[in-house]
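Enquirer: Take a look at this one; I'll ask things after.
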Amino acid sequence: MSDKIKFTLKDVVNLSEGVSYLPDNGKTSFNPHNVHPFVIHQYGHVICVVFASCLSDALDEAVDENKLDSYQIDESDYADYKIGTDEETCSHLGNASEPFDISELEIVEMTNEDFFEQLLAVQIEA
């Protein structure tokens, strides 16, 4: 377990959406949109876990749930990121499409089965 990033249920921002896709008695639930967990972290420190069908949706959900507020670019720094030009060096995320510097973030994409197993293991360790 030490080689994996540890998270708890508190880290999951949209558990109600993801729980319907978790394995039930060893069988994978019907999942036509391939919704699965994305662990967003910085140097191993978990920021959040988001269930989504793609990375873009996961990042948008994390922003909309205010989990990435510290990565939002302040208006006074727009020039440093060339915001408003063809050479922008940031990502526009969330429903409001606000600028974020997510260059320091790492994302681990998991299967629903691995998420469930790791969550159980963390609960057993506690």
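Enquirer: Give all pairs with beta carbons closer than 7 Å in which a residue from the range 15-42 that is surrounded by 14 or more Cβ atoms within 10 Å (Cβ to Cβ) and of a type in the set (Phe, Trp, Tyr) meets a residue that is part of a loop (DSSP other than H, G, I, E, B) and at pLDDT below 90; count only pairs at least 6 apart in sequence or on separate chains.
Expert: Correct list of pairs: 21/29; 21/31.
Enquirer: If you take the residues of the range 68-95 that are in contact (Cβ under 8 Å) with a residue 24 or more places away in the chain and in a loop (DSSP other than H, G, I, E, B), which of them is farthest from the chain's Cα centre (by Cα)?
Expert: Narrowing the range 68-95 to residues in contact (Cβ under 8 Å) with a residue 24 or more places away in the chain: 68, 71-73, 91, 93-95.
Adding the requirement that they be in a loop (DSSP other than H, G, I, E, B) leaves 68, 73, 94-95.
Working: 68: 10, 73: 19, 94: 12, 95: 15 Å.
Checking each candidate, the answer is 73.
The values are calculated or read from the model by the stated rules, or taken from the named source; none is laboratory data. Remember, it's a predicted structure, so these values are computed and weren't measured experimentally. Quick reminder, even Gly has a Cβ in these numbers, built from the backbone with ideal geometry, and neighbours come from all protein chains shown.
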